[in-house]
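Comments concern the structure below.
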Amino acid sequence: MTDEKIQPTDQEWAIQRRLEDLLAKLGEKYGDLTGRVEVKHRPDTSFDQIGGLRTAKAAVRGFSTVLTNPELYRRWGITPPKGVLLYGPPGTGKSLLALALATISASTFFHLKLRNLTSKFGPNTGDLLQEILAIAVQEAKAVIFLDEADALSLEHLLPAPQAREASARLVAALAERLDSIEDFSRVFVVAATSRTDAVDPSLVAPDRLDRLIEVPLPDPQAQQEIFLLKKARAEQDAGRRLFADLDFRSLLPPMGGMSGAEITEVIRRALETKVHRAGAGEEVGLVTTEDLLQEIDGYRRIKEVVEKIRYGQYL
Ligand SMILES: Nc1ncnc2c1ncn2[C@@H]1O[C@H](COP(=O)(O)OP(=O)(O)OP(=O)(O)O)[C@@H](O)[C@H]1O
Ligand SMILES: [Mg+2]
């Protein structure tokens, strides 16, 4: 296995540009889609870059057959499933799993950020989603990622009674489109949420996103795996060693309960501290266990504030 990035061919660039043009056209009709819909013709995030999550990884990977060899389902007398719902706390790798599925099956990845979409288009998001799904279905193979699927409840926009009514219409439009995806058409929908209580039950009805996959917080072993992946990535990007030998027996206990995203952030901050000190002209050594313990402690102290700012609006 090599980590070298495969350079896209001219043909792939052309497809990527065509897809971006299609979205730009939709943007002219509905309003700017930047930061709301992103499309990657050839994503390159692999399952190897995801730490822990053995069960979830195996489950998601299994669905690549829907994209690469749907005929196999026919040979076993069944039709391929339409999609899955990934659920679990924020920052645990749901987006990474969806991307890795697209990568391993060489599918085009349609990332629909439903919180940002609904915030701008409100109840009209349904028409737009239908058009985007129609574009996705045209691709040879497509993974459609409905990120923050709970935002379809429109709770963040409207008072409860209006939200319920508008949301029902929006979800019906989406469900209609999902139902119209033909079997064996090499399209797979991955929805993700950290709030199962706000997901419309009709989305997970039979024949829709009726496979549920839990994406839990990492246990200590998974945390160490994630840590080592991020450390290796930083050292590879820097082209040199950045970390001293680390003592995970002292690092893991204070990391208890941290998500992969939080571990990534702690590592980033430890490296940032080095940058600042080097920038001030200090002589700085490798990142040590002691440095990391300090960052973990600092992160823990401000975590509550960070969470309020990031997620507070939905609580
Ligand atoms: N299991 C993991 N393995 C490796 N990296 C991870 C893992 N979980 C999270 N990360 C890191 O955290 C970042 C955020 O992860 P990701 O976006 O996949 O989380 P998420 O579950 O989709 O979160 P949210 O619910 O907030 O959207 C990733 O880009 C990655 O750097
Ligand atoms: Mg995500």
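For the stretch 185-204, name all the residues that are away from ligand 1 (no atom under 16 Å from the Cβ) and closer than 16 Å to residue 67 by Cβ. 185, 186, 187, 188, listed by residue number. I'd like to know if the stretch 159-167 contains one or more residues that are part of a loop (DSSP other than H, G, I, E, B) and at pLDDT 90 or above. No: the stretch 159-167 contains no residue that is part of a loop (DSSP other than H, G, I, E, B) and at pLDDT 90 or above.
Residues are listed down the side, and each one gets a yes or a no for (1) away from ligand 2 (no atom under 16 Å from the Cβ); (2) within 25 Å of residue 128 (Cβ to Cβ); (3) charged (D, E, K, R):
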{"site": "35", "(1), (2), (3)": "no, yes, no"}
{"site": "48", "(1), (2), (3)": "yes, no, yes"}
{"site": "54", "(1), (2), (3)": "yes, no, yes"}
{"site": "60", "(1), (2), (3)": "no, no, no"}
{"site": "67", "(1), (2), (3)": "yes, yes, no"}
{"site": "70", "(1), (2), (3)": "yes, no, no"}
{"site": "82", "(1), (2), (3)": "yes, yes, yes"}
{"site": "89", "(1), (2), (3)": "no, no, no"}
{"site": "95", "(1), (2), (3)": "no, yes, no"}
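Yes/no per residue for (1) crowded, with 17+ Cβ neighbours inside 10 Å; (2) among the β-branched types (Val, Ile, Thr); (3) over 16 Å from residue 146 (Cα atoms); (4) outside the structural domain of residue 140 (by TED's automatic domain parsing):
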{"site": "178", "(1), (2), (3), (4)": "yes, no, no, no"}
{"site": "187", "(1), (2), (3), (4)": "yes, yes, no, no"}
{"site": "193", "(1), (2), (3), (4)": "yes, yes, no, no"}
{"site": "199", "(1), (2), (3), (4)": "yes, yes, no, no"}
{"site": "209", "(1), (2), (3), (4)": "yes, no, no, no"}
{"site": "227", "(1), (2), (3), (4)": "yes, no, yes, yes"}
{"site": "240", "(1), (2), (3), (4)": "no, no, yes, yes"}
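Among residues of the stretch 271-297 that are free of Cβ contacts under 8 Å to residues at least 40 places away in the same chain, those with a beta-carbon under 6 Å from a residue that is part of a loop (DSSP other than H, G, I, E, B) and surrounded by 10 or more Cβ atoms within 10 Å (Cβ to Cβ) at least six positions away or on a different chain give the pairs 274/284; 277/284; 278/284. Consider the stretch 69-106 and keep the residues that are surrounded by fewer than 18 Cβ atoms within 10 Å (Cβ to Cβ) and among the basic types (Lys, Arg). The one that is farthest from residue 190 (Cα to Cα) is 75.
The values are calculated or read from the model by the stated rules, or taken from the named source; none is laboratory data. What you see is a predicted model; the values in this text were computed from it and never measured. Note: ideal-geometry Cβ built from the backbone for every residue, glycine included; neighbour counts use all protein chains shown.
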